[in-house]
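Visitor: Supplied in structure tokens, the structure appears directly below.
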Amino acid sequence: MRAFETRTLSGWVSGLLSLKSSRLSGCVAQSLATRLRAAPLPEASVALKMLEQSLRQRCMPQRALLVLRRNLMLWAQSSRSLLAWADLMDDLYIQVLLQLESCRRSSARNRPVLQLHVPKTAGSSLASWGHRMGFKSSEAEKRRSGDGPFWINAFAMPASCKQRRQEAAQLQTSWIEVERWLDLPLCDDFGYVVALREPVSRTLHQFQQLWRLLSKTEPVHSGFFKAIWRYDDVRGTVGGRQSYEGNVDTGSPVDFLDLWLGFATNYQVRSLAGAGVGRAFLEGGSMARNRLRAAKSVLEQMEVVLVVGQGRIESWQSQILHHGLQVASTDVGDMPYESHTSRHAFELEPYSWTPAEFAETRARNRADLELVAFARRLQELDR
């Protein structure tokens, strides 16, 4: 592996193309764009010609196609200003993108969709849009047992790609919502959708709904997050779990606090980066930050990545969904508005931040902030 990593760009691409299909996407993600930026344009041109020739001979699996396209576009976004770009790269770059799109379209139709439903990111609206576009979800079992919503005490259990295929066929469903951590690796015979949101407002919104479910009437009180951060400093002395060994008892104050701490720190990174051997929502915030690269890698492999939170989902975002999922209907369809609590999109109840509490909440969600910024870049590339 070390020898593979230290090759020249053309040698690295040659080695990449010799890998088993199942390993391609993981090796390209978070790597190809960086290597292309570091290489001289003539060397990058040789690598792209190798890639185009390979694609003409055979198409790659869906995850690899998506991650290749995104990495090429990220590289082009930062390199097109170079003087030699137009002479060396423009035509070749476009040819490779067209070949990737041709492969994607030939392999991606009529696949069921798996939506990672991050709380308070217009997830219900996305699912309603899918239903309007002809995707089917089972009314009797909208979510398979084990798919969440984990944050309000629903059961969580992993599912393999084979299990997903069998269950989708048995239930005749083509739109599946998962409201917990994502099963990894991603499946080539499913399409994936996620919406993310600025983490402080998303976290506050999530706890406002959770608090309402628990207390029925009382709002989240001022200083709530400050109290959670104080618990983080002492959790090791009061028996904090930091793993899923045994059953998590949500009636136990300590288990509740362990889960709340996970929900309040880098929740979106935790959800995208997988179960983490059962520690996804229980490991400390510093450990969750270490999973940022994995979360970014997963985003690069998904068909549709949206960022929401400034009002209702817009028509151009619906077009990204329509194109990314290759919806058969020619009608893009307006995004329906679904809300459990409010008549206005992403409306928050008043919350009085105590001194330094807001700044600390942002600091403890630094990985989520970086993840959402990266998601915005991917969304912009897909416009």
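Visitor: How are the Cα pair distances of the stretch 84-125 distributed, in percent, across 5 Å bins from 0?
Guide: All Cα pairs considered, the percentages come to 5, 17, 12, 11, 12, 13, 13, 10, 6, 1.
Visitor: Report in % the part of the accessible area of the chain that belongs to carbon and sulfur, leaving out ligands and nucleic acids; probe 1.4 Å.
Guide: Details: 8970 of 17540 Å².
Using a 1.4 Å probe with all protein chains present, the chain comes out at 51 percent carbon and sulfur.
Visitor: If you roll a 1.4 Å probe over the heavy atoms of the protein chains, what accessible area per residue do you get for the stretch 34-168, in Å²? Mind showing how you got there, number by number?
Guide: Working: 6360 Å² over 135 residues.
Roughly 47 Å² per residue, with all protein chains present.
Visitor: Quickly rank 206-215, 306-315 as a protection proxy: mean count of other C-beta atoms within 10 Å, highest first.
Guide: Numbers: 206-215: 15.9, 306-315: 17.5.
The densest-packed peptide leads the list: 306-315, 206-215.
Visitor: Probe 1.4 Å, all protein chains in place: accessible area of Cys161 in Å², nearest 10?
Guide: 40 Å²
Visitor: Right, something else. Work out the charge dipole of the stretch 1-151 with +1 on the Cβ of Lys and Arg and -1 on the Cβ of Asp and Glu about the Cα centre, then indicate which of Ala29, Ser106, Trp151 is farthest towards its positive end.
Guide: Trp151
Visitor: Next question, about the same structure. Against the longest alpha carbon principal axis of the chain, how many degrees, from 0 to 90 and to the nearest 10, is the axis of helix 90-107 turned?
Guide: Relative to the chain, helix 90-107 is tipped by roughly 60 degrees.
Visitor: To continue, here is another question. Using only Cα atoms and rounding to the nearest 10 degrees, what angle (0 to 90) does helix 253-264 make with the longest principal axis of the chain?
Guide: Value to nearest ten degrees: 40.
Visitor: Pull out a ≥ b ≥ c, the square roots of the eigenvalues of the alpha-carbon gyration tensor of the stretch 1-109, then state rounded if a/c is under 1.5, prolate if not and a/b is larger than b/c, and oblate in the remaining case.
Guide: Working: a/c = 1.73, a/b = 1.15, b/c = 1.50.
Verdict is oblate for the stretch 1-109.
Visitor: If I take the Cα coordinates of the stretch 283-376 and project them onto the principal axes, what are the three extents in Å, biggest first?
Guide: 50, 35, 19
Visitor: Rounded to the nearest 500, what is the chain's calculated 222 nm mean residue ellipticity when only DSSP H runs of at least 4 contribute -39500 (n - 2.57) each, over all residues?
Guide: Values: 19 runs with 201 residues, N = 383.
Rounded to the nearest 500, it is -15500 deg cm²/dmol.
Visitor: Determine the order of Met73, Met89 by accessible area, beginning with the largest, at a probe radius of 1.4 Å. Don't jump to the answer; show the numbers that get you there.
Guide: Details: Met73 30, Met89 0 Å².
Heavy-atom accessible area, descending, gives Met73, Met89.
Visitor: Going from most exposed to least, what order do Arg289, Arg132 have by accessible area with a 1.4 Å probe?
Guide: Working: Arg289 95, Arg132 155 Å².
Order by accessible area, largest first: Arg132, Arg289.
Visitor: To the nearest 20 debye, what is the magnitude of the charge dipole of the stretch 36-189 about its Cα centre, counting +1 on the Cβ of each Lys and Arg and -1 on the Cβ of each Asp and Glu? Walk me through the intermediate numbers first.
Guide: Values: 22 positive and 15 negative charges, 56 e Å.
Charge dipole of the stretch 36-189: 260 debye, to the nearest 20.
Visitor: Across bins of 5 angstrom width beginning at 0, how are the C-alpha pair distances of the stretch 70-166 distributed, in whole percent?
Guide: 2, 9, 13, 15, 13, 11, 11, 10, 8, 5, 3, 1
Visitor: A follow-up question, please. Once the Cα atoms of helix 41-57 and of the chain are each reduced to a long axis, what angle between those two axes, in degrees from 0 to 90 to the nearest 10, is obtained?
Guide: Here the helix axis deviates by roughly 90 degrees.
Visitor: Pull up the DSSP beta bridges for the chain and report the antiparallel fraction as a percent, rounded to 5.
Guide: Working: 1 of 15 bridges.
The answer is about 5 percent antiparallel.
Visitor: Here's another thing I want to ask about it. Order the peptides 58-66, 113-121 from the highest to the lowest mean number of other Cβ atoms within 10 Å of their residues. Write down the numbers at each step before the final one.
Guide: Details: 58-66: 21.0, 113-121: 23.9.
Put in order of decreasing packing, that is 113-121, 58-66.
Visitor: Sorting check: for 172-181, 74-83, which peptide has the highest mean count of neighbouring beta carbons within 10 Å, and how do the rest follow? Don't jump to the answer; show the numbers that get you there.
Guide: Values: 172-181: 21.1, 74-83: 14.0.
Averaged packing, sorted descending, gives the order 172-181, 74-83.
Visitor: Continuing with this model, one more query. Using just the alpha carbons, could you tell me how many Å³ per residue the convex hull of the chain encloses?
Guide: Details: hull volume 61.1 nm³, N = 383.
Residue-normalised Cα hull volume stands at 159 Å³.
The values are calculated or read from the model by the stated rules, or taken from the named source; none is laboratory data. Just so it is clear, the structure is predicted and the values come from calculations on it, not from any experiment. Cβ: placed from backbone, ideal geometry, glycine included. Neighbour counts: every protein chain shown. Heavy atoms of the whole protein, side chains included, go into the accessibility calculation; ligands, DNA and RNA do not. Shrake-Rupley method; radii C 1.70, N 1.55, O 1.52, S 1.80 Å.
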